[in-house]
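Read through the structure below, which is laid out as structure tokens, and then see the notes.
Every number in this text was worked out from the coordinates using simple rules, so none of it is lab data. The model shown is predicted, which means the values in this text are computed figures rather than measured ones. With ideal geometry, Cβ positions are generated from the backbone for all residues, glycine too; neighbour counts draw on all protein chains shown.
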Amino acid sequence: MKRNMGTVDRALRTFAVAPTLIVLGLAVLGIGSVLGVAALVVAGIMLATSAVAHCPLYTPFGISTRHRAPSPATRSPKLA
């Protein structure tokens with residue numbers, strides 16, 4: 001799998017989205033409800049995709065939030 005997630009994207013999924021969904025699934029919606037279970041499943045997917053730095057939904061659309069340094073061939077020459 002080719003990495004297509006940047007640091008900010010991974011951090012948001014790990015520290016903002018997943019915990020919010022976990023609290024929502026456990027406390028607000030209830031663990032026994034369908035929506036509560038769905039929230040926990042989505043939180044698990046968010047944690048898994050951020051752990052491997054690959055989002056399968058980004059691939060078909062050609063999206064990448066990963067920052068890449070320009071290659072030496074494409075850099076502009078430095079002026080003295």
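Brief remarks follow.
- Subset of the range 12-27 [of a type in the set (A, V, I, L, M) and surrounded by 12 or more Cβ atoms within 10 Å (Cβ to Cβ)]: Leu12, Val17, Ala18, Leu21, Ile22, Val23, Leu24, Leu26
- Among residues of the range 31-47 that are β-branched (Val, Ile, Thr), those with a Cβ under 6 angstrom from a residue that is not in a loop (DSSP other than H, G, I, E, B), sequence gap 6+ or separate chain, pair up as Val42/Leu21.
- Within the range 34-59, the set of residues being among the small types (Gly, Ala, Ser), under 15 Å from Arg3 (Cα atoms) and outside any loop (DSSP other than H, G, I, E, B) comprises Ala48, Ser50, Ala51.
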